[in-house]
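All remarks here apply to the structure that follows.
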There are 2 protein chains.
Amino acid sequence: MIRVLLVHDVCLVRSVLSQWLSRQPDLRVEDTPWRSAPGRVGAVRPDVCAADLDCSDDAYGIPPLGDLCPRGGGTPPPRLLVLASAHRPGLLKRALEAGALGYVDKAGTPEQLLRGIRRVAQGERFVTESLGFGFLKAAEMPLTRRELSVLTLAAEGASVAEIAGSLHLSHGTVRNYMAAITRKTGARNRVDAIRISQGQGWL
Amino acid sequence: MIRVLLVHDVCLVRSVLSQWLSRQPDLRVEDTPWRSAPGRVGAVRPDVCAADLDCSDDAYGIPPLGDLCPRGGGTPPPRLLVLASAHRPGLLKRALEAGALGYVDKAGTPEQLLRGIRRVAQGERFVTESLGFGFLKAAEMPLTRRELSVLTLAAEGASVAEIAGSLHLSHGTVRNYMAAITRKTGARNRVDAIRISQGQGWL
């Protein structure tokens, strides 16, 4: 029996998907939205966490993946499988960094999700072929960590002065970072750089 | 028998939701992503179009609702039911303008979707109670049509000069519009106004 915790923020979808998975005799499925996922991991002790990478709680949709697999706990953490899209490589990269073992393309069939869950439960890696291009793009992420911090603040509506204050930088340095970001993302200007980076899932 | 066309851009979700609806003896369900929805409406001639308001094809996620219910065709257009969220009032407003008869909250249960489809098939209005607040916010949309056009171009990364050129306005007028938009949305600056407006579903 594989204990699965399904993490998805859209209640209607989560409910139908959970029912669909529960028809499999080898799965015992519980489900939760992202905001209560960390607590449920502790209570359910799932073998596999199957988590949708689109998270509606946070303004920019970055899911708190690290909270699903806390390191250093007494019991082994659940194996992580993510439901992902090839056109948001930034989220794929985050899942990779969080140690996800399974990557199922949401543009694929639900049967692939089943296969993924069973493989990941065995401790094996599972990647839907169609996500390949997304991983390629993820490897090409053009921004440094510092540039991402600057852009994240800008996307929240902070001014150059506010960004400079938050990151202990001079105004000129912030402007230089913004210019580099605009160039590297191929954007026309700051707003365009934010738009592109959010679309790709970097922000 | 109610012929339903389910419109949803996430293949895995669409497939599971379609299977779930198909278990009902009174429904005959077909499904499609947004990009092929208009063609499928013509081919399937559904009684009810059940369409997810989140549309991944367009950069800003505004679904082409008008294409689902073409006016003036030979046969009566399908009745439109939308899967919506209270926190994106801009999309609720668009659905209202497109003549949608049903509004089902995605934060609710799939059973409500079933009830909605059956009610709408009878030609009756159906609104999940929890969407009430969203409609209230939709009625309060602070921007004029002109301000929305300006902000839409800004969100696509256009500069003041480019916006002025596109809309045949002076640079000063565009700046005045941007200032009004920033004030009315309660934003800190232009980037913040875009962020807020996209979050609400106005853009």
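The values are calculated or read from the model by the stated rules, or taken from the named source; none is laboratory data. Keep in mind that this is a model prediction, so the values were computed, not measured. With ideal geometry, Cβ positions are generated from the backbone for all residues, glycine too; neighbour counts draw on all protein chains shown.
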Looking at (1) more than 12 Å from chain B (Cβ to nearest Cβ); (2) crowded, with 22+ Cβ neighbours inside 10 Å; (3) of a type outside the set (Phe, Trp, Tyr); (4) without any contact (Cβ under 8 Å) to a residue 40 or more places away in the chain, which is the one condition that is false for A:Gly39?
(2)
Exactly one condition in (1) surrounded by 18 or more Cβ atoms within 10 Å (Cβ to Cβ); (2) closer than 17 Å to A:Arg94 by Cβ; (3) of a type in the set (Ser, Thr, Tyr) is not met by A:Tyr177; state its number.
(2)
Scanning the range B:179-193 for residues that are β-branched (Val, Ile, Thr) and at the interface with chain A (Cβ under 7 Å from one of its Cβ atoms) gives B:Val191
Do you know which of the residues in the range A:194-203 that are at the interface with another protein chain (Cβ under 9 Å from one of its Cβ atoms) and over 12 Å from B:Ile194 (Cβ atoms) is modelled with the lowest pLDDT?
A:Gly199
Picking from B:Gly116, B:Gly108, the residue that is farther than 24 Å from B:Arg195 by Cα and surrounded by fewer than 24 Cβ atoms within 10 Å (Cβ to Cβ) would be B:Gly108
Which numbered condition A:Pro25 misses (of (1) part of a loop (DSSP other than H, G, I, E, B); (2) within 25 Å of A:Ile194 (Cβ to Cβ))
(2)
Only one of A:Leu131, A:Leu114 is among the hydrophobic types (A, V, I, L, M, F, W, C) and more than 18 Å from the chain's Cα centre (by Cα). Can you tell me which?
A:Leu114
Can you say whether B:Gln19 is part of a loop (DSSP other than H, G, I, E, B) and either at pLDDT 95 or above or among the hydroxyl-bearing types (Ser, Thr, Tyr) (or both), as far as the supplied structure shows?
no
Among the candidates B:Arg183, B:Arg146, B:Arg119, which residue alone is of a type in the set (Lys, Arg) and modelled with pLDDT of 95 or more?
B:Arg119
Does the range A:135-159 hold any residues that are on the phi < 0 side of the Ramachandran plot and either within 14 Å of chain B (Cβ to nearest Cβ) or of a type in the set (Ser, Thr, Tyr) (or both), and which are they?
A:Thr144, A:Ser149, A:Val150, A:Leu151, A:Thr152, A:Leu153, A:Ala154, A:Ala155, A:Glu156, A:Ala158, A:Ser159
Residue set B:Arg195, B:Arg146; condition under 21 Å from the mean Cα position of the chain (by Cα), surrounded by fewer than 20 Cβ atoms within 10 Å (Cβ to Cβ) and within 21 Å of B:Pro89 (Cβ to Cβ); output residue B:Arg146
Residues being under 10 Å from B:Gly157 (Cβ atoms) and touching a helix residue (DSSP H, G or I) at 6+ places or on another chain (Cβ under 7 Å) - total across the range A:183-197:
7
Sort through A:Ala107, A:Ala100, A:Ala84 and tell me the only one that's at pLDDT 90 or above, touching a Lys or Arg at 6+ places or on another chain (Cβ under 7 Å) and not aromatic (Phe, Trp, Tyr).
A:Ala84
Yes or no: A:Glu162 of a type in the set (Asp, Glu) and away from chain B (no Cβ under 11 Å)?
no
